[in-house]
Amino acid sequence: MSNPLKSLRRLLPRALGAWLALAFVLLSIILTLALTSVIERKSTEQVETSIGHGLAELAMQTSDKLERGMFERYREVGLLARRRVLGEDQPHARRRATLDAIRNTLGYYSWIGLADLDGKVQVAAQGLLEGADVSRRPWFRNALRGIHADDVHEAMLLARHLPRQTEPWRFVDVAFPYIDDEGVTRGVLGAHLSWQWARDVERSVMAGIAARRQAEALIVDTDGNVLLGPADVVGKRLTLQSLQAAHAQIHGGYVVETWPDGRSYLVGYQLGHGYGDYPGLGWTVLVRQNVDDAFAPVRRLREYGLASGVLLALLFSLAGVALARRITRPLGDLADAAQRIRAGETARIEVGRGGYAEVRALGMTLNTLVANLVRRRRDLEALNATLEERVALRTRELEQALASVRTNEQRIATIIATAQDAFVGIDMRGRICDWNSAAETMLGWPRGQAVGRHVADLVIPERFRARTRELLARFLETGELEILGRRVERVLLACDGREIPVEMTVGLAGTGDGLFFSVFVHDISARKEVERMKDEFVATVSHELRTPLTAISASLALLADGMAGELPPDAQGLVDVANASSGRLVRLVGDVLDIQKMDAGGMAFERAVQPLLPLAQDAVAAMQAFAARAGVELSCVAAPGAEGMRVDVDRDRLAQVLTNLLSNAIKFSGPGARVRTQVEARGDAVRLAVADEGAGIPEAFRERVFQRFAQADGADSRRQGGTGLGLSICKTIVEELGGNIWFDSAEGIGTTFYVELPLAA
């Protein structure tokens, strides 16, 4: 195996000039053959396309002649049907003589005659078939129905009256109703056009071409039956790709296909579409030529292209060898100079001015390298004298750096060990690699038992372990972890099974293979207990306040409405102020209770599928009185298609959202302004929009609109009342119902709040 390889290596060139010559030869051959192949392929495609279009053009000319010829026959018979000389009031001999003259003048008509409405032939050229019943013939019935041309058929009644010939007589029928001067149909004028006419049309187009290119023309009817063509296919039914293509296209074309005889043909096709007022019979003209005969010019073109390519490749190879020798001559001179330098010479290399720029640059570089080599040799000798001293200096510096690193590591370890918060180090596999004393105190596991354990198995509750492993795997794939660098609240599992609420911060530390998560954990159990007690206190106080406030509000409302009689103006004013303030307190307590229920997850939703538009209209109607007192006009508009939109919602909760949005819009709109509510369909959702004409939401406040107790004007002297809880409650309710809420606002123009809910199935 090695001997052939050695022999092959001996045959390969060693000098650059020989390699360049070989490369030029190979490139010349490859490029020339590739270029010749591309040119030959493009030329071949053009020649093949030209040949195919030539056959398609022959098919189009033949089809056009056929359709024009049928148009002439169609028009002739139509004109004859209008001649009064064929009327019943004319002598029979004169009518027959007229038809004889027409048949003799128009030689392709094998028979022409006039039948009455019962189908009996009254008069015919040469008296053929006079008295015969043609009422059952298709041309007679079709002419009365407005169809004036019938497809090719063999002779029936006329067969015994016409001269015998080698093949059956075949006709194309053309017939028109005969109408008298009063517009009454008196009969049908019919003519049998000899199919020999189509043969003459085909010969007139194909005569010279058929002999020169061995091309054959076929005429095929709409069912695929061959009406005219070579003897081996006449009368047969064909199912060919060319026929399908002809019926699928307005203009003709060509295709290469295999026929039932097993031979491949290049076929041009054209579907006839009639001419003038002649509607056509759907004939398809096919012109076929054997593929070998059709593409003979293509083969000759390929042979010429191959011979030209070989000749050009040979010429280019010879030119490449000569060029390679000329190019490598200066490089050979440089190689000789390099060999002298290798032998120890340090003389300057002389480069002629007439050489290549690259060779001159290479010579100058070699001269520079030689000079640098001499200088570095002297520097190296001087460096060896001081090497030991420099090594000792670098060793002392490295020891000082290592001592500094150890000191920093000890300081960091001391800080972590004495930190009040628990510290846990976790490697990229999720295993604990560090565990300080605060972590031992908080979670109960000694360091020895914790290090090396997977964090999910040790301190994560069972219900969160799968999610923890999923987040770690996603971080390893994408490098993304949403809690990195953020203070988040989580629940950890202690040694004794207790779940401890904690606040922790996760960061990345280390580099390369030593990368790990640093986690600082702070126990917030006491804070959570205080928050729980606060929520219970707020809920208790709110419940206790609601009952007396409701009674006070109802009593003040009765006084304000005059149930105790008319009050003095001063007293009436005080009662109105007290009534408004009590109403505000009731709403405040209700909002606080709703917030408490939401936090506790105790807000109940009674959902049902219902139309949205009536709910919006009811909310607008409920706020009309409040709007009237503020001088604001309310309206509710339904966009097209919104009437039948149904949603799965809690009616009371959604009404609370709409009432809150309408109340805010009315409060922040001046007298004379309008507040518009619109319901519209949005794909698989429905959208509610509440738009006002107020001052708009200030830019600085927009991010806090849905926060609790948020007020655009938080001062005690603000113009509008409110707790700042309404929009927060709205957002929570809408999201519980599976929807979204947002707003658009422009200062000085107004604000529009949007609520979008999914359509019910």
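Where a number appears in this text, it was derived from the coordinates with a stated rule and is not lab data. What you see is a predicted model, and the numbers here were worked out from it, not measured in a lab. Because the Cβ atoms are built from the backbone with ideal geometry, glycine has one as well, and the counts that use them run over all protein chains shown.
Determine the dipole magnitude for segment 604-761: charges of +1 sit on the beta-carbon of Lys and Arg, -1 on that of Asp and Glu, nothing else is charged, the reference point is the Cα centre, and the result goes in debye to the nearest 20.
That gives segment 604-761 a dipole magnitude of about 280 debye.
Of all DSSP beta bridges located in segment 604-761, what percent are antiparallel, nearest 5?
Roughly 80 percent of the DSSP beta bridges within segment 604-761 come out antiparallel.
Could you order the peptides 263-276, 663-676, 83-96, 176-189 from most to least packed, using the average number of other C-beta atoms within 10 Å per residue?
Packing proxy ranking, top to bottom: 263-276, 663-676, 176-189, 83-96.
Amide H neighbours of Asn225 under 5 Å, counting only residues 5+ apart in sequence or on other chains, H built in-plane at 1.01 Å?
Those lying under 5 Å, H to H, from Asn225 are Leu238.
Taking N as the number of residues in segment 419-523, what is its Cα Rg relative to 2.2 N^0.38 Å?
After normalising by residue count via 2.2 N^0.38 Å, the value is 0.99.
Express the relative contact order of segment 604-761 as a whole percentage, based on alpha carbon pairs under 8 Å and six or more residues apart in sequence.
With pairs under 8 Å counted, the relative contact order is 25 percent.
For segment 51-296, what Kirkwood radius comes out of the mean inverse Cα-Cα distance, in Å?
When all Cα pairs of segment 51-296 are included, the Kirkwood radius is 19.2 Å.
Mind listing the phi-derived Karplus ³J(HN,Hα) values for segment 460-474, rounded to whole Hz, using 6.51, -1.76 and 1.60 with θ = phi - 60°, and x for any glycine or proline?
Computed from phi, the couplings for segment 460-474 are 9, x, 3, 6, 10, 5, 4, 5, 4, 5, 5, 5, 5, 5, 5 Hz.
Can you list the HN-Hα couplings for segment 488-500, worked out from phi with the Karplus curve (6.51, -1.76, 1.60; θ = phi - 60°), rounded to whole Hz and with x for Gly and Pro?
3J(HN,Hα) across segment 488-500, in whole Hz: 10, 9, 9, 10, 10, 9, 7, 4, 8, x, 6, 9, 10.
³J(HN,Hα) across segment 118-132 via Karplus (A = 6.51, B = -1.76, C = 1.60, θ = phi - 60°), whole Hz, x for Gly/Pro?
8, x, 8, 6, 7, 8, 8, 4, 6, x, 5, 6, 5, x, 6
State, to one decimal in nm², a quarter of the convex hull surface area for the C-alpha atoms of segment 481-533, i.e. the direction-averaged projected area.
Projected over every direction and averaged, the Cα hull of segment 481-533 covers 4.9 nm².
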